[in-house]
Amino acid sequence: MRFSEFNGKEIIDLDNGERIGVIGHTDLLIDPNTGEIDGIILPMGSFFGLGKQKEEIYIHWRSIRKIGPQMVIVQRKEQLRSY
């Protein structure tokens, strides 16, 4: 799968069915030693710098349970943190 195919997919939490967000201006965190994807950084918050302070949500790659045609299912119980 190409990263461009991620664009527009909704991220859904498996534990509670909550919609976390939509993959759009998402960054991948890549381990420089192995070249493997470590996680996804999903920007949240303000639009064009307006509104409340911007927040990012980090989703560890291992927390992804299923990538479907329209959504990504994650289990964020222990592996999702915001910073």
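Looking at segment 22-41, which of its residues are surrounded by 13 or more Cβ atoms within 10 Å (Cβ to Cβ), at pLDDT 85 or above and under 16 Å from V74 (Cβ atoms)? Matches in segment 22-41: V22, I23, L29, I37, D38, G39, I40, I41.
Among the residues of segment 6-41, the ones that are over 14 Å from I67 (Cα atoms) and not in a strand (DSSP E or B) come to 13 in all.
The values are calculated or read from the model by the stated rules, or taken from the named source; none is laboratory data. Keep in mind the model is a prediction, meaning the values are calculated, not measured. Using ideal geometry, Cβ is built from the backbone for each residue, glycine included, and neighbour counts are taken over all protein chains shown.
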